[in-house]
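The values are calculated or read from the model by the stated rules, or taken from the named source; none is laboratory data. In this text the structure is predicted, and so the values were computed from the model without any measurement. Note that we place each Cβ from the backbone using ideal geometry, even for glycine, and neighbour counts take in every protein chain shown. Heads up: the accessible areas ignore ligands, DNA and RNA and are worked out on the full protein's heavy atoms, side chains in. Shrake-Rupley method; radii C 1.70, N 1.55, O 1.52, S 1.80 Å.
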Amino acid sequence: MQSRLFLKPKNRCNDLLPAGRVLRELDLKSAEHLGRMEVPLERIIGSAGRYTNFDLSFRPVALPDRRRWESLKEVRDSGSDLPPVDLIQVGDKYLVIDGNHRIAVAAARGEGAIAARVTRLRTGQLIPDEKCTRLGYRLNNNGCPGEGSHCASRSC
């Protein structure tokens with residue numbers, strides 16, 4: 001029987017955003033390496049390569065990822081530190097370049113933040129309508145449009 005920790009969510013609002021799509025839809029101006037810092041987990045909303053393998057809370061939703069997650073959790077539970085993750089910062093949100101499993105372990109352990117090497121991308125305006133696209137809404141708010149929102153008729 002599969003643990004509740006690994007159940008795939010049914011609500012698209014719980015999906016991570018694909019970093020490639022996010023980067024294609026932004027008017028990128030420049031990149032700046034900020035170095036190592038602590039990043040709040042709640043601000044991580046997308047991933048470059050594994051956005052379908054985790055939900056927005058970084059629960060693994062695929063069995064191969066569960067095994068990887070469990071091995072990293074054992075290391076962390078033994079008191080060892082894991083290497084920092086690599087993130088891209090867009091506004092006040094972050095996209096994972098490397099470290100999805102480490103973020104998942106931190107989330108499962110109830111940690112509020114994770115050590116990360118961060119590159120900040122400077123952008124112009126979002127190309128899609130900032131208020132009525134899943135991407136625009138996620139980058140400018142937390143989560144997806146709720147009931148009663150002017151965007152509620154669109155898919156989040």
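Would you confirm whether any residue within region 46-69 is hydroxyl-bearing (Ser, Thr, Tyr), closer than 23 Å to Leu121 by Cβ and open to solvent by 70 Å² or more (accessible area, probe 1.4 Å)?
Checked region 46-69: at least one residue is hydroxyl-bearing (Ser, Thr, Tyr), closer than 23 Å to Leu121 by Cβ and open to solvent by 70 Å² or more (accessible area, probe 1.4 Å).
With Arg122, Arg117 as the choices, which residue is within 26 Å of Lys29 (Cα to Cα), of a type outside the set (S, T, N, Q), modelled with pLDDT of 95 or more and open to solvent by 50 Å² or more (accessible area, probe 1.4 Å)?
Being within 26 Å of Lys29 (Cα to Cα), of a type outside the set (S, T, N, Q), modelled with pLDDT of 95 or more and open to solvent by 50 Å² or more (accessible area, probe 1.4 Å) holds for just one of Arg122, Arg117, which is Arg117.
Being in contact with a Gly (Cβ under 9 Å, 6 or more places away or on another chain) and more than 20 Å from Met37 (Cα to Cα) is the filter here, so list the residues in region 54-94 that pass it.
Answer for region 54-94, where residues must be in contact with a Gly (Cβ under 9 Å, 6 or more places away or on another chain) and more than 20 Å from Met37 (Cα to Cα): just Leu56.
Here is a check on your reading of the model: is Arg36 modelled with pLDDT of 95 or more, buried (at least 17 other Cβ atoms within 10 Å of the Cβ) and outside any helix (DSSP H, G or I)?
no
Could you say which residue among Leu72, Leu26, Leu95 is in contact (Cβ under 8 Å) with a residue 12 or more places away in the chain, in contact with a Lys or Arg (Cβ under 8 Å, 6 or more places away or on another chain), open to solvent by less than 30 Å² (accessible area, probe 1.4 Å) and not basic (Lys, Arg)?
Checking each option against the conditions leaves just Leu72.
Identify, please: which residue in region 77-128 is over 22 Å from Asn53 (Cβ atoms) and among the charged types (D, E, K, R) and is, among those, farthest from the chain's Cα centre (by Cα)?
Per the stated criteria, the residue is Asp81.
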